[in-house]
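> Submitted below is the structure of interest, expressed as structure tokens.
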């Protein structure tokens, strides 16, 4: 029975990458119901990757269209989107977890693929949980699938949760 | 508290694709420690994809090298490999699960990518667990990553477990 206690007592770091999409919120919700057990001392870490400034600039082919004012406005917008995503994720945790879950929040700027992989390895996450369409704020800005990239590059186990249609 | 009981009582089908590689056995082991909780009524389903006859034939460019005898021998070999993989997986379950786990075994012939995707959807698995190098018996016979293919094509959540180096 020593094994049982050991399993129950293990403190796992469960990293959930969240974004604006319903898919990532579904993944979070699935994780709360299926991974985080009541007996565990898990820490749930919510990670949100904010698009970096370079993304706005890349939308502007000429390099001159976006004035400094617009950049400031987009920064503000992007911060409020981040706050909104994190709020929603926290609400889901409060409402759907069947016990109190220890939670941490991290917001980083950058390509979600890099941000997620680097952070997962940095904190030595026990498992990374992702939705299937984690493309971040401006979907077209990043080519390729975030989940596929992370599954191939992150060291820890990766759980990819698809939202049923 | 109604929610708690509901979560605990839910019978989940946890499908683990196993093969000859250490990676899939590690994935099974991780799953036993992290997904299957004592309170759950989970059924663990072990799935092994046997290489189909076509794979041996494709190794034989001329189409004449492999006699019927050799084909029979390779069929026998492939059956004993399947038995060996399943035995090993069952042993891991017995030794590492902290409680008795309801278990089923399924052996199918075919490209592991198709076998796994079809079976996961067919049984409406709650989660599919995979190692990262599930290439089956003859690694070179199937191009591309099984885990990537399954993550993209299976309807249920997919957990990809990488064996630490």
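The values are calculated or read from the model by the stated rules, or taken from the named source; none is laboratory data. None of these values were measured; they are calculated from a predicted model. Please note: Cβ atoms are built from the backbone with ideal geometry, for glycine as well, and neighbour counts cover all protein chains shown.
> Any residue at all in segment B:130-139 that's in contact with a strand residue (DSSP E or B) (Cβ under 6 Å, 6 or more places away or on another chain) and modelled with pLDDT of 90 or more?
Yes, segment B:130-139 contains a residue that is in contact with a strand residue (DSSP E or B) (Cβ under 6 Å, 6 or more places away or on another chain) and modelled with pLDDT of 90 or more.
> Can you find a residue that is at the interface with chain B (Cβ under 10 Å from one of its Cβ atoms), under 20 Å from residue A:12 (Cα atoms) and modelled with pLDDT of 90 or more anywhere in segment A:100-122?
Of all residues in segment A:100-122, those at the interface with chain B (Cβ under 10 Å from one of its Cβ atoms) come to none.
Scanning segment A:100-122, I find no residue that is at the interface with chain B (Cβ under 10 Å from one of its Cβ atoms), under 20 Å from residue A:12 (Cα atoms) and modelled with pLDDT of 90 or more, so the answer is no.
> Still on this model: For segment B:19-44, name all the residues that are in a helix (DSSP H, G or I) and touching a residue at least 40 places away in the same chain (Cβ under 8 Å). Before the answer, list the steps.
Within segment B:19-44, the subset in a helix (DSSP H, G or I) is B:22-34.
Answer for segment B:19-44, where residues must be in a helix (DSSP H, G or I) and touching a residue at least 40 places away in the same chain (Cβ under 8 Å): B:22, B:23, B:24, B:25, B:26, B:27, B:28, B:29, B:30, B:31, B:32, B:33.
> Continuing with this model, one more query. How many residues does segment A:1-19 hold that are surrounded by fewer than 19 Cβ atoms within 10 Å (Cβ to Cβ) and either at pLDDT 85 or above or more than 13 Å from chain B (Cβ to nearest Cβ) (or both)?
Matching residues across segment A:1-19 total 3.
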